[in-house]
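Down below is the structure, laid out as structure tokens.
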Amino acid sequence: MILSPVNTSFRSPAADRALFRALAFSAGAVAAILALILLYLTLASASLLFVDAGLWQLRWQPSAGAYGLVAMLVGSVAVSLLALLIAVPPGLVLAVWGRFFAPPWVGGLYRGAMGLLASIPSVVYGFWGLVVLVPLLNRWAPPGASLLAAALVLALMILPILVLQADLALDEARRRHLAAAMALGASVSGTVRRVLLPTAAPQLVPAVLLQLGRALGETMAVLMVAGNVVQLPDAITAPIRTLTANIALEMAYASGEHQTALFASGWLLFVLVTLIMLGARAVARRAGEGRVDAH
Amino acid sequence: MLLRGICDGLKRAPRLAGAIAMAALILSGCSRDAGDRLVITGSSTIAPLVTVIAQAFESAHPGVKIDVQAGGSSRGIADVRQGLAELGMVSRALKPEEGDLAAATIAQDGIAMIVHRDNPVGALTGGQIVAIYTGKVRNWQEVGGPDAPITVVNKAEGRSTLELFLSHFKLDTPAIRADVVIGDNQQGIKTVAGNPQAIGYVSVGTAEFEARRGTPIRLLPLDGVEASTAHVARGDFPLSRPLNLVHRGEPGRVAREFLAFAASPEVHDLVTGQYFVPLAGR
Amino acid sequence: MRIETLDHASRSDRLHARWMGLVAVLTLLVPVLLVGELLADGLPALTTDFLLSAPADAGRSGGIGSVLVSTLWVLAVCLGVVLPLGLGCALFLVEHVRAGSRLERGLQLALDILGGVPSIVFGLFGNRFFAVELGLGFSILSGGLTLACMVLPLFIRAAEQSLRQCPVGYRQAAAALALSRWGFVRRILLPTAAPGIALGVVLASGRALAETAVLLFTAGYVTRWPESWFNSGRTLAVHIYDLAMNVSGGGTNAAATALVLLVLAIGIQVLAAIVGRISKGASQ
């Protein structure tokens, strides 16, 4: 039998049973929050979701009664994936560097800086994008406010937490394997590449997923730099609108069916995130089974 | 064993949540009884103005507390209808289907076309603006400017500035070809200030203030009338809107006093301080 | 342990160290510019008076005292819920759920999804559930509770990761010594995991502090000094948003407020690091 936290047997007095109940309650509460949100969103968008209201078309023109969400769905996915593509490679490099190559105090300082950047409000990032990045891009490819601008700002926003979480996963892997690998005479870079990154991968995947979720859900920053035109992007420099930006832009001024359609945007996003998470978990599980378990 | 634990936990959850909710209700009940409280929700454009008016009102009426919440004109209307707020802030005239509400105007606001300061185009006719916004004219050269593509900045659907703009130029949303769609005024100003080829429209007072303090934007005259708060005040600027406080039925004592205060000449400085146009100015 | 001995590292390691260092510096360039701009814009406005007085003239003048207090209250509510609930859930995952079981997968998925729910949806939900259904209205309590729902997954992830780092040997030793699970959790597991949990607190409060959309719908817009948990109170991020997007001429104070937010974040980080280190030290 493999040793794992769960099947280490402890003496089990009353305190443990109380502890177990408390813990089960917390886990139940998390599940309940999720269920409540799903219920709320579904109820709020039900009147459009379960009839053929044309949500699956391109045209979004609330004043004309057209509530197509497809273009914004594409926008959301495109922006988030591009942001991940931009942020993940440097994120990993930074985590590895901070843990294994930088002098300890520099690494610590670097992680501190990342924690700090993570708490800059998205408005500030968005504002910077609006006054610095968009005019810059505009010189190269008008109107500047675009898929690319949004992805860049998003990448900048998700990078800090990505670095911190990758760092945590690498640190654990390091504790387990670095000494052994170094004793065998391997170089640090070789060890990182061949031992530590593969070991940390199962934890890196959820960390990246969490950031994908965050990118999909980011509102204020994207709203300021994406251009918000409802269309399928024909270029990386074309303006697009995401589902979240759509909610934030129009919710305050919507009523009736228009409002319901905005709730449906939220519902769609929710389903999208669920699907992505399910798929990615399946991939991660297969990858986890494929590699030799080092525990 | 595991499942039973979760079931136990879940069985307890509603009871616990109920207890928390009850406690919350009781406590919130207590705190709400203290003093007179007036809740005003609605348009984020008006919210800063009403906030400063409310501050002045609070200091003149000790014990009264006014909570101003921003969230859009339609939120203001919905909250007043549901009784969640006594007054709603609405940055446009009421529509026919909103006849159940009464509006009190507290200030005026105009909408100005703006371009980048470096744009040599001095004025555009109504027809030219329509052609630009419908995508028939796509280069500044066609309206007497440099050879550069036009970046059309439009407001998001439902915003009252958009509705006003559309009805003035007799345009329809589906006909508009925008390159950038924006939300708040400041976003419009920052977008145009950062893009020499852009054209957009924002609140006159804000644009006037920004242009004066050096932001690289320029206000275009409309139908030959200079875009300025002075013209909005005089009433001859063609694109203007009322900023309203709406209520349903007979307002309460505090609300009535507040409405009277917000419409009185006492608040003129506060209104101009937020770059809107006070009422009796015309 | 760390590889301090450079003579042990090969030449390729030094090469790698160099290009990675370069990437690190380049990546930090943009955020540094951003913070530099904030400093240039905001520092002149940052006075003691600014920190102590309430906003006036829609935030163009006056200070952010009341906003700062509201922010701290909202954060206290949020962390007060997230710490016990999140730690409980993380412990449940680590201690009671078999890896790979259906329950484990279900809970992990629930966390992933919850972490992926857009914040604006949390805002709409919190407004409906806490403010309307539970009758809390626009209040610090509504805001804090909604934020708690939002940052729970982030915190649980961090806590879970650090709880899992506790070597199985500790656990076996504890079991051999006939320690109860509760005793093990309290005396060994939590102290060993303290730095990671502290990081979770930092991440969670960082996101909570940075959140705008959620709080606009729940904690509200009022700039008065808060007197109870049931008062509406504007947080720093909402204030920044309003000043930057809604109030012309609010730019300077928006930058100054952003600086205060940053200092607050540094403070929390330092505090969490100290607490994490102390509780880890106490266990050894």
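Specify, per residue and in Å³, the volume enclosed by the convex hull of the alpha carbon atoms belonging to region C:74-120. Please report the intermediate quantities before stating the final value.
Working: hull volume 3.1 nm³, N = 47.
Roughly 66 Å³ of hull volume per residue.
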### Cα-projected label distance for A:Arg139 with B:Glu250, points at 7 Å along beta-carbon direction, nm
6.6 nm
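Percent relative contact order of chain B, based on C-alpha pairs within less than 8 angstrom and at least six residues apart?
On the way: 477 pairs, mean separation 71.0, N = 282.
The value is 25 percent.
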### Task
Show me A:155-164, B:211-220 ranked by packing, highest mean number of other Cβ atoms within 10 Å first.
A:155-164, B:211-220
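When Cβ neighbours within 10 Å are restricted to other protein chains, what is their mean count per residue of peptide C:199-212?
Numbers: counts 6, 1, 0, 6, 7, 0, 2, 10, 6, 1, 4, 10, 4, 9.
Neighbouring Cβ atoms belonging to other protein chains average 5 per residue here.
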## Note on the structure
When every protein chain stays in place and a 1.4 Å probe is rolled, B:Glu208, B:Glu86 sorted by accessible area with the largest first are B:Glu86, B:Glu208
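Which whole number gives the average, over all residues in B:203-213, of C-beta atoms from other chains lying within 10 Å of the residue C-beta?
On the way: counts 1, 0, 1, 4, 1, 1, 2, 2, 0, 0, 3.
The shielding value for this peptide is 1.
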### Summary
Over all directions, region A:92-200 yields a Cα convex hull whose mean projected area in nm² is 8.3 nm²
### Message
Can you list residues from other chains, or at least 5 along the same chain, whose modelled amide H is less than 5 Å from the amide H of B:Leu38?
### Response
B:Lys65, B:Ile66, B:Asp67
### Query
Using the Karplus equation 6.51 cos²θ - 1.76 cosθ + 1.60 (θ = phi - 60°), what ³J(HN,Hα) coupling, rounded to whole Hz, does each residue of region A:28-41 give in order, writing x for Gly and Pro?
x, 4, 4, 5, 5, 4, 4, 4, 4, 5, 4, 4, 4, 4
### Message
Taking beta carbons within 10 Å but only from partner chains, what does the mean come to for residues A:131-137?
### Response
4
### Task
Please report, largest first and rounded to whole Å, the three semi-axes of the ellipsoid equivalent to region C:142-284, where each semi-axis is the square root of five times an eigenvalue of the C-alpha gyration tensor.
40, 15, 12
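Taking only the alpha-carbon atoms of region C:25-181, what semi-axes of the equivalent ellipsoid follow from 5 times the gyration tensor eigenvalues under a square root, in whole Å, largest first? Spell out each step's value before the answer.
On the way: eigenvalues 305, 103, 57 Å².
Sorted largest first and rounded, they come to 39, 23, 17 Å.
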### Query
What percentage of all Cα-Cα pairs in the protein assembly as shown are separated by more than 40 Å?
38 percent
### Query
When all protein chains stay in place, what accessible area (Å², nearest 10, 1.4 Å probe) is found for A:Asp167?
10 Å²
## Note on the structure
With a Förster distance of 22 angstrom and the Cβ-Cβ distance between A:Gln61 and B:Ala148, calculated FRET efficiency to the nearest 0.05 equals 0.15
### Task
Note down the nm distance, to one decimal, between modelled labels 7 Å out along Cα→Cβ at A:Leu232 and at C:Ser61.
5.6 nm
### Message
Bins of 10 Å, beginning at zero and ending with the bin holding the largest distance: percent of Cα pairs per bin for chain C, please.
### Response
6, 23, 27, 24, 14, 5, 1
### Summary
Expected vector for region C:58-67, Karplus 3J(HN,Hα) from phi with 6.51, -1.76, 1.60 and θ = phi - 60°, integer Hz, x for Gly and Pro, equals 6, x, 5, 10, x, x, 9, x, 5, 5
### Task
State, to one decimal in nm, how far the label point of C:Ile278 lies from the label point of C:Asp49, with both points 7 Å from Cα in the Cβ direction.
3.7 nm
### Query
Which FRET efficiency, nearest 0.05, do A:Ala35 and A:Val132 yield, Cβ-Cβ r, R0 41 Å?
0.45
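How long are the three semi-axes of the equivalent ellipsoid of region B:138-282, in whole Å, if each is the root of 5 times an eigenvalue of the C-alpha gyration tensor, listed from largest down?
On the way: eigenvalues 211, 64, 39 Å².
For region B:138-282, the semi-axes come out at 32, 18, 14 Å.
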### Summary
Taking the protein assembly as shown and counting helices only, DSSP H stretches of n ≥ 4 at -39,500 (n - 2.57) each over all residues, the nearest-500 ellipticity at 222 nm comes to -19500 deg cm²/dmol
### Task
Of all alpha-carbon pairs in chain B, indicate the percentage at a distance above 23 angstrom.
60 percent
### Query
Taking only Cα atoms, what is the 0 to 90° angle, nearest 10, from helix B:73-82's long axis to the longest principal axis of chain B?
30 degrees
### Candidate residues C:Trp182, C:Trp73, A:Trp105: accessible-area rank, largest first, probe 1.4 Å
A:Trp105, C:Trp182, C:Trp73
### Message
What figure, in Å² to the nearest 10, do you get for the accessible area of C:Glu227 with a 1.4 Å probe and non-protein molecules left out?
### Response
120 Å²
### Query
To the nearest 10 square angstrom, what accessible area does C:Asp49 show with a 1.4 Å probe?
110 Å²
### Message
Relative to 2.2 N^0.38 Å, what does the C-alpha radius of gyration of region A:138-261 come to as a ratio? Two decimals please.
### Response
1.51
## Note on the structure
Ratio for chain A, C-alpha Rg to 2.2 N^0.38 Å, reads 1.19
### Message
Taking the Cα centroid of region A:211-252 and of region A:120-169, what is the distance between the two, rounded to the nearest whole Å?
### Response
12 Å
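Once the Cβ-Cβ distance between A:Ala183 and C:Ala76 is put in as r, and R0 is 41 Å, what FRET efficiency do you end up with, to the nearest 0.05?
Numbers: r = 48 Å, r/R0 = 1.17.
Efficiency at R0 = 41 Å is approximately 0.30.
The values are calculated or read from the model by the stated rules, or taken from the named source; none is laboratory data. Quick caveat, the model's predicted, so the values are computed rather than measured. Every residue, glycine as well, gets a Cβ built from its backbone with ideal geometry; the counts of neighbours run over all protein chains shown. The protein model used for the area step is the full one, side chains on, heavy atoms only, and it has no ligands, DNA or RNA in it. Shrake-Rupley method; radii C 1.70, N 1.55, O 1.52, S 1.80 Å.
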